[in-house]
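Asks: One structure is given below, represented as structure tokens, and several questions about it will come after.
Nothing in this text is a laboratory measurement; each read-out follows from the coordinates by a stated rule. This one's a predicted model, so the numbers in the text were calculated from it and none came from an experiment. No Cβ is skipped: glycine too gets one built from the backbone with ideal geometry, and neighbour counts run over all protein chains shown.
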Amino acid sequence: MSEQHIKLPEGSIEKTTTTLNLGPTHPATHGVMQNILELDGERIVSAEQTIGYIHRAFEKLAERRPLAQITTLTDRMNYCSSPINNMGWHLTCEKLLGVKTPKRVDYLRVIIMELARISDHLICNSIVGVDAGAYTGFLYVMQYRELIYEIYEEVCGARLTTNIGRIGGFERNFNDIAFQKLEKFLSEYPKVLKEFENLFQRNRIFMERTMGTGAISAERALNYGFTGPNLRAAGVDYDVRVHTPYSSYEDFQFNIPVGTTGDNYDRWLVREKEMWESLSIIEQAYQKVQEFKGAEAEVYHADVPEYYLPPKEDVYTKMEALIYHFKIVMGETEIPKGEVYQAVEGGNGELGFYLISDGGRTPYRLHFRRPCFVYYQAYEELTKGGMLSDAIMTMSSLNLIAGELDA
Amino acid sequence: MLTNDIIKQRLTEKFAEQVSNFEEPYGMLTFEAPVELNLKVLNFLYDDEELKFRFMTDLTAVHFPNDKGRELAVVYHLHNLSDNIRIRFKVFTAIGKPDVYTATGLFSTANWMERETYDFYGINFVGHPNLKRILNVDEMDYFPMRKEFPLEDSTRIDKDDEMFGRGGTLGFGTETARDRQEVISENEKHDETGRPIV
């Protein structure tokens, strides 16, 4: 080729490092996000993250929506565990409105939230396996995520973007099929999880791939605002469910698993142990739910007529119900003035809702504290000096969900 | 055990009347300080052996367009993990010169949170290592979360928002559908119901 065809950028001959664009649409990023990596051979010299590819302006949208319509926005943040987001939003509204939910509602919510946590951790851990080259575990556990989704389906009719529950409780009582499926899950899942664990936990190849990579110290993790399993893997036992209990989590007995090194292997282990704890919480909650007898066993929402849709047959026959129905559907209810912060333990950590109401019909300001967004900024520090293939695993073991990053 | 009263006392001992507007909405101690003191207050809260607010939960901004001279509020949520107590700390700044010192020296997590706040509210975090847009496109030349930017398409005339509780309740930003219609009808012809004649 003649000289005029080769136009290299200035300085590129002298340059000893390679620039690599990982993403925005790369199969290994599991979402739309970009990493501009500077590589020396296969070692990462620096990483620059670009995010915002699926930014949907939820906070702006929320400023024009009545409370009930914001639930669907929260679905689309961490879509691997959207019920937790939904419940977090309902709890925020209930805190603002001063609604006290009945115990049975709390326990049902705990069941749903812990199921969501299991499905979230299940995906994360099996994807770490996929990135290490072990596809089997991922395909095997999908079947049980499917079962969890079937339970959601029985409760709310949806699977991924669930919009589950309402302000004050649930839209309908759990039916028998939901409980049957839950029982099936509780009886079959421990065996499957054990088998899944056997595939990875003491697997020499997996251990050597994950141990010592993507590590962070407890001090740095705290400074970076890490929460959830990623912080606990570094050895800090902070869990919103224990520190500021919501939805009657104080009634349950469970442990908070912690790691020591904060590396990929510890993150994997912490999530694995958390699934066992979630299972035990679900068992306890299910037992508590069964203890309700008679009329108490039919309770599935609190009495908040201004925010909770009345039964449809009442809307046709009773004036009051018709008015409330209209006001809720058209978003004409005035929200009390106030400023509230409510956090829940999401799949990835502390999911916070900061809501300011000025007495209008929509929030004046709503801010989501998204754990993914907060800890993804540590990615450069986690991967610097490591191998490219480890950086991929670090990304999946952090459980980065593009929907939660961008909101 | 650390309580809101102790925190309040410690703060007033240190900063006297410069920390003000103490409130406790839903149990969380909330207060404000002059904007130039934000780092001093954060540093004090961080370093004090009793207070130990060493975890930054959240950093965001709020726009109050009717509050002249203090239109933008930067809100910090801090958490003392050992005593498990949270506080909310606000500084207000004028929209004409929204300069706030960065907290990145104290909290690494403030880096992206401040970039996000800058991206949506245009708050200039003085001393930030990399203050550029994070979620929006780089070419954007306005700050979209400010209240003067209405969410809905302002050229839309088929929907009277006030009927649906979506217009006018906040008292700023959007003009009513009727105002818009007048502006648009200068350029277009409409029938009596307001629909454009094509």
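Asks: Which links in A:K60/B:K132; A:K60/B:K97; A:K15/B:K97; A:K95/A:K288; A:K60/A:K103; A:K103/A:K194 stretch past 30 Å when you go from one Cα to the other?
Replies: Result: A:K15/B:K97; A:K60/A:K103; A:K103/A:K194 exceed 30 Å.
Asks: Let me ask something else. Mind checking which lysines have their Cα closer than 22 Å to the Cα of A:K191? Skip sequence neighbours fewer than 8 apart in that chain.
Replies: Cα-Cα hits under 22 Å: A:K181, A:K273.
Asks: Shielding by partners for A:220-226, please: the mean number of other protein chain Cβ atoms within 10 Å of each residue's Cβ.
Replies: Going residue by residue through A:220-226 and averaging, the value is 6.
Asks: Could I ask something else about it? Once you average over the residues of B:53-60, how many Cβ atoms of partner chains fall within 10 Å of each Cβ?
Replies: 6
Asks: What is the magnitude of the charge dipole of the protein assembly as shown about its Cα centre, with +1 placed on the Cβ of each Lys and Arg, -1 on the Cβ of each Asp and Glu, and no other charges, expressed in debye to the nearest 20?
Replies: 500
Asks: If you don't mind, there's one more thing I want to ask. By counting other Cβ atoms within 10 Å of each Cβ, how are A:F254, B:F89, A:F353 ranked from fewest to most?
Replies: Ranking A:F254, B:F89, A:F353 by Cβ neighbours within 10 Å, fewest first, gives A:F254, B:F89, A:F353.
Asks: Additional query: Treat the count of other C-beta atoms within 10 Å as a stand-in for reagent exposure and order A:W89, B:W112, A:W276 from fewest to most.
Replies: Ranking A:W89, B:W112, A:W276 by Cβ neighbours within 10 Å, fewest first, gives A:W276, B:W112, A:W89.
Asks: For a quick protection proxy, order the peptides B:139-145, B:69-75 by their average other-Cβ count within 10 Å, most packed first.
Replies: Highest-to-lowest ranking by the protection proxy: B:69-75, B:139-145.
Asks: Same structure again: Could you list A:K288, B:K8, A:K312 so that the one with the fewest beta carbons within 10 Å of its beta carbon is first and the one with the most is last?
Replies: Listed from fewest to most nearby Cβ atoms, that is A:K312, B:K8, A:K288.
Asks: Shape of the protein assembly as shown from its Cα gyration tensor (a ≥ b ≥ c, root eigenvalues): rounded if a/c is under 1.5, otherwise prolate when a/b > b/c, or oblate?
Replies: Rounded is the answer for the protein assembly as shown, as its axis ratio a/c remains below 1.5.
Asks: Same structure again: Kindly write out, for the range A:30-45 in residue order, the coupling ³J(HN,Hα) from the Karplus curve 6.51 cos²θ - 1.76 cosθ + 1.60 (θ = phi - 60°), rounded to whole Hz, with x marking Gly and Pro.
Replies: Along the range A:30-45, the couplings run 6, x, 8, 8, 10, 10, 9, 9, 9, 10, 10, x, 10, 8, 8, 8 Hz.
Asks: If I stretch the segment between A:F326 and A:V242 completely, what's the gain in nm (0.36 nm per residue apart, minus their alpha carbon distance), one decimal?
Replies: 26.3 nm
Asks: How much FRET efficiency would the formula 1/(1 + (r/R0)^6) give for B:D67 and A:E250, where r is the Cβ-Cβ distance and R0 is 30 Å, rounded to 0.05?
Replies: The formula returns an efficiency of 0.15 here.
Asks: I need the phi-derived Karplus couplings for the range B:123-137: 6.51 cos²θ - 1.76 cosθ + 1.60, θ = phi - 60°, integer Hz, Gly and Pro marked x.
Replies: 3J(HN,Hα) across the range B:123-137, in whole Hz: 7, 8, 7, 5, x, 5, x, 8, 7, 9, 4, 10, 9, 8, 5.
Asks: Please give, to one decimal in nm, the separation of the simple spin-label points placed at A:E42 and A:R220, each 7 Å out from Cα toward the Cβ.
Replies: According to this spin-label approximation, the distance is 2.2 nm.
Asks: Moving on to the next point. Taking the alpha-carbon centroid of each part, what is the distance from the range A:107-178 to the range A:10-70 in angstrom?
Replies: First find each Cα centre; the distance between them is then 28 Å.
Asks: Quick one: compute the contact order of the range A:226-368, relative version, from alpha carbon pairs under 8 angstrom and 6+ residues apart, as a percent.
Replies: 21
Asks: Moving on to the next point. When the dipole is taken about the Cα centre of the range A:316-360, and only Lys, Arg (+1) and Asp, Glu (-1) are charged at their Cβ, what size is it in debye, to the nearest 20?
Replies: With only Lys, Arg, Asp and Glu charged at Cβ, the dipole is about 240 debye.
Asks: Continuing with the same structure: List the relative contact order of the range A:198-284 as a percent without decimals, with contacts defined as Cα pairs under 8 Å and 6+ residues apart.
Replies: RCO, the range A:198-284: 33 percent.
Asks: Using the crude model of +1 on Lys and Arg Cβ and -1 on Asp and Glu Cβ, and no other charge, please compute the dipole size for the range A:249-407 relative to its Cα centre, in debye to 20.
Replies: Computed about the Cα centre, the dipole is about 340 debye.
Asks: If you take every DSSP beta bridge whose two residues both sit in the protein assembly as shown, what share of them, in percent to the nearest 5, is antiparallel?
Replies: 85
Asks: List the lysines whose Cα lies under 25 Å from the Cα of B:K14, skipping any in the same chain that are fewer than 8 positions away.
Replies: Qualifying lysines at Cα under 25 Å: B:K40, B:K52, B:K90.
Asks: Quick one: which residues, 5+ away or cross-chain, put their amide H under 5 Å from the amide H of B:I134? H built at 1.01 Å from N.
Replies: Answer set, sorted by chain and number: B:D119.
Asks: With contacts defined as alpha carbon pairs under 8 Å and 6 or more residues apart, what's the relative contact order of the range A:66-172 in percent?
Replies: Over the range A:66-172, the number comes to 37 percent.
Asks: Given the options A:V128, A:G157, A:F206, identify the residue whose Cα lies farthest towards the positive end of the charge dipole of the range A:114-212 (+1 on Cβ of Lys, Arg; -1 on Cβ of Asp, Glu).
Replies: A:F206
Asks: What's the average, rounded to a whole number, of partner chain beta-carbon atoms within 10 Å of each residue's beta-carbon in B:108-114?
Replies: Averaged over the peptide's residues, the number is 6.
Asks: For A:H26 and A:Y316 in the same chain, what is the full-extension length gain: residue separation times 0.36 nm, less their Cα-Cα distance, in nm?
Replies: The A:H26-A:Y316 span can extend by a further 99.1 nm.
Asks: Using a cut-off of 22 Å between alpha-carbon atoms, which lysines can reach A:K318, once sequence neighbours fewer than 8 places away in the same chain are excluded?
Replies: A:K327
Asks: Can you tell me the length gained on complete extension of the stretch A:T260 to A:L61, counting 0.36 nm per residue apart and subtracting the Cα distance?
Replies: Result for the pair: 67.6 nm of gain on full extension.
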